[in-house]
Amino acid sequence: MHKAVLVLNQNYEPLNVCNVRRAIVLVFDGKAEVLETHPTTVTTPSRAFASPSVIRMVYLIHRPRPRVKLTRREVFIRDHYTCQYCGRQGNDLTIDHVVPKSKGGSHTWENLVSACKPCNHRKGGKSLRDCRMTLRSQPREPRAGQYYTIERRLDETVTEGWTKFLPGFEPVGRMHGLNHGLSFSPN
């Protein structure tokens, strides 16, 4: 009942990932149809059902384009796990406020960058001009890619039955011992 189920919109656009229980409820309510199944079955006292793996909504769901959630992990992904001051890559990064909070800096995409510990310590609570440091790139809010809502909810690997519904979807490899999550397009 806890296996992941890919939820597609009526036009086959990936919408979400849910569990088997939620998928079965959507199917029985007539809101979705089963396209692929897991090799396991779900049994009730009176019947046994093939466990859904991919379902498609019967009606088109209109939803706004998702926004990338502002978290440490997402800042590191946006910055490619690279210090935005010296260019050092690694898994021992911190988050730095470009305009320090003590000087009125906000906790926003445009004011947060990945920084290695030496650069973050060197900058401290000073402005970039005061510490004579420069940013490698201007921080901005990343746009969620086509598969953003799905890749951030996966707690297991994509099953074989999902691949034909997710064209161009490929997991990102490991770097410096970190799993960078799944790829998403910048536009």
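The values are calculated or read from the model by the stated rules, or taken from the named source; none is laboratory data. The model shown is predicted, which means the values in this text are computed figures rather than measured ones. All Cβ positions, even for glycine, are placed from backbone atoms using ideal geometry, and neighbour counts span all protein chains on display.
Can we say residue 78 is within 30 Å of residue 13 (Cα to Cα), within 18 Å of the chain's Cα centre (by Cα) and surrounded by 14 or more Cβ atoms within 10 Å (Cβ to Cβ)?
Against the criterion (within 30 Å of residue 13 (Cα to Cα), within 18 Å of the chain's Cα centre (by Cα) and surrounded by 14 or more Cβ atoms within 10 Å (Cβ to Cβ)), residue 78 qualifies.
So which helices (runs of 4 or more DSSP H) are wholly in segment 44-133 and hold at least 1 residues that are closer than 30 Å to residue 19 by Cα? Once the helices (runs of 4 or more DSSP H) in segment 44-133 are filtered for at least 1 residues that are closer than 30 Å to residue 19 by Cα, what remains is 72-78.
Against the test of being closer than 30 Å to residue 136 by Cβ and not hydrophobic (A, V, I, L, M, F, W, C), the options 22, 47, 65 yield a single qualifying residue, 65. Scanning segment 118-169 for residues that are more than 22 Å from residue 90 (Cα to Cα), among the charged types (D, E, K, R) and modelled with pLDDT under 80 turns up 151, 153, 155, 156, 160.
Inside segment 93-107, residues that are touching a residue at least 12 places away in the same chain (Cβ under 8 Å) and surrounded by 12 or more Cβ atoms within 10 Å (Cβ to Cβ) make up a count of 8. Inspect segment 31-40 for any residue being in a loop (DSSP other than H, G, I, E, B) and more than 21 Å from the chain's Cα centre (by Cα) and give the result as yes or no. Within segment 31-40, one or more residues are in a loop (DSSP other than H, G, I, E, B) and more than 21 Å from the chain's Cα centre (by Cα).
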